[in-house]
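What follows is a short report on a single structure.
The values are calculated or read from the model by the stated rules, or taken from the named source; none is laboratory data. Please read these numbers as outputs of a predicted model, since none were measured by experiment. Glycine also receives a Cβ, built like all others from the backbone with ideal geometry; neighbour counts cover every protein chain displayed.
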Ligand code: ATP
Ligand code: MG
């Protein structure tokens, strides 16, 4: 699409709860980047609160604006009602579909600080396939004629197409990470070996579905030996992956997994770095990226001004990184890491007494 100016146009979708606090925080950091690009922010509606007001969780205008006018987006968080609400479905799931954001990318990096002396050094990137697996939601329930009791089934879809593109993303990102480490050895980046892709699966039990995932991702490396010869490849059964991730998280670089396993290991990995409030993610497709903090809308602390903005700020960094503005992304990560390492300005989830605004100010000072 054609934009009238050279500005980077970013759709901001704070949505619900603390999304309304952390997205403006991330916006302030983007606007303060030294010699940063010119941004054009577009504020867009979506979410459960929007649904309650208007009857729609994701207005068509939001989708159209993102598709036709924006280079990328930053999503806050959406409340998920604990009971089924007629007519409501998650706008984030719909957005991923509309924009074909087929990968959920989640860096999990530890920061050493006085307040976390025992934290393991980890620096991994989890790449979760985002379009299929059990999430195709094809479930049915039957009655067993013998016992008269219910039996529930779910279909699981693994395609060669989706496995191939997620595999290619994993190998390409392993190379990109390596390049970044060479360019600017961050004090906070711990991975010190050749780039490595770990394939997570359970093909000893699910030999057809997980077998196809494993074979297809492996074939990506073999299909382009020249490009990927420098990237090591190994694999973990998902149960052993969880075990090893908790015992020696420093053993992983890029980890690629089908949707459900990816979901589980990403949340597990988040637990290793202290708080949901610091873990960012990006929803990535071939032509669009949407940054999104991993946490939810946190209704228990919403409106109090104490939400940790770091996950959202890092998500904005990921957005820039994936749009090719690497130096600015690294500047954001460095500033955030300095605040964490210093540990004097932290929100309550990290054991501090500071507010969202205090943390933003501290990040801006380090920028
Ligand atoms: P949702 O249904 O939107 O996911 P939730 O109740 O599951 O809401 P989460 O946002 O997933 O809440 O958060 C789980 C816990 O972690 C909550 O106690 C919340 O306060 C805390 N938390 C999450 N994000 C942050 C943050 N950015 N800063 C501080 N605490 C957070
Ligand atoms: Mg939650």
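Overview of results
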read-out	value
Criterion (in contact with a strand residue (DSSP E or B) (Cβ under 8 Å, 6 or more places away or on another chain), free of Cβ contacts under 8 Å to residues at least 40 places away in the same chain and within 21 Å of residue 99 (Cβ to Cβ)) met by exactly one of 136, 141	136
Residues (within 14 Å of ligand 1 (Cβ to nearest atom) and assigned to a helix (DSSP H, G or I)) located in segment 340-358	340, 348, 349, 350, 356, 357, 358
Unique match (being over 23 Å from the mean Cα position of the chain (by Cα) and over 24 Å from residue 334 (Cα atoms)) among 248, 182, 226, 235	226
Selection count, segment 18-40, where residues are more than 19 Å from the chain's Cα centre (by Cα) and assigned to a loop (DSSP other than H, G, I, E, B)	7
Residue, farthest from ligand 1 (Cβ to nearest atom), within segment 293-317, restricted to residues that are within 12 Å of the chain's Cα centre (by Cα) and at pLDDT below 95	294
So residue 296, is it surrounded by fewer than 18 Cβ atoms within 10 Å (Cβ to Cβ) and touching a strand residue (DSSP E or B) at 6+ places or on another chain (Cβ under 8 Å)	yes
Lone qualifier among 74, 66 - being in a helix (DSSP H, G or I) and outside the structural domain of residue 212 (by TED's automatic domain parsing)	66
Residue match in segment 266-275 (condition: within 26 Å of residue 164 (Cβ to Cβ), modelled with pLDDT of 95 or more and outside any loop (DSSP other than H, G, I, E, B))	no
Listing of strands (runs of 3 or more DSSP E) fully contained in segment 142-244 that carry 2 or more residues being surrounded by fewer than 20 Cβ atoms within 10 Å (Cβ to Cβ) and in the same structural domain as residue 331 (by TED's automatic domain parsing)	none
Any hit, segment 259-271, residues being in the same structural domain as residue 350 (by TED's automatic domain parsing), more than 16 Å from ligand 2 (Cβ to nearest atom) and touching a helix residue (DSSP H, G or I) at 6+ places or on another chain (Cβ under 8 Å)	no
Selected residue [on the phi > 0 side of the Ramachandran plot and not assigned by TED's automatic domain parsing to the domain that holds residue 166] from 298, 302	298
Any hit, segment 232-252, residues being free of Cβ contacts under 8 Å to residues at least 12 places away in the same chain and touching a strand residue (DSSP E or B) at 6+ places or on another chain (Cβ under 7 Å)	yes
Filtered residues of segment 275-292 (kept if surrounded by fewer than 21 Cβ atoms within 10 Å (Cβ to Cβ) and within 13 Å of ligand 1 (Cβ to nearest atom))	275, 276
Hits in segment 77-100 (condition: in a loop (DSSP other than H, G, I, E, B), in contact with a helix residue (DSSP H, G or I) (Cβ under 6 Å, 6 or more places away or on another chain) and within 12 Å of ligand 1 (Cβ to nearest atom))	78, 79
Looking only at segment 72-105, and only at residues there that are at pLDDT below 95 and touching a strand residue (DSSP E or B) at 6+ places or on another chain (Cβ under 6 Å), the one that is farthest from residue 10 (Cα to Cα)	78
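Conditions (1) part of a loop (DSSP other than H, G, I, E, B); (2) within 16 Å of ligand 2 (Cβ to nearest atom), marked per residue:
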{"site": "280", "(1), (2)": "yes, yes"}
{"site": "287", "(1), (2)": "yes, no"}
{"site": "305", "(1), (2)": "yes, no"}
{"site": "320", "(1), (2)": "no, no"}
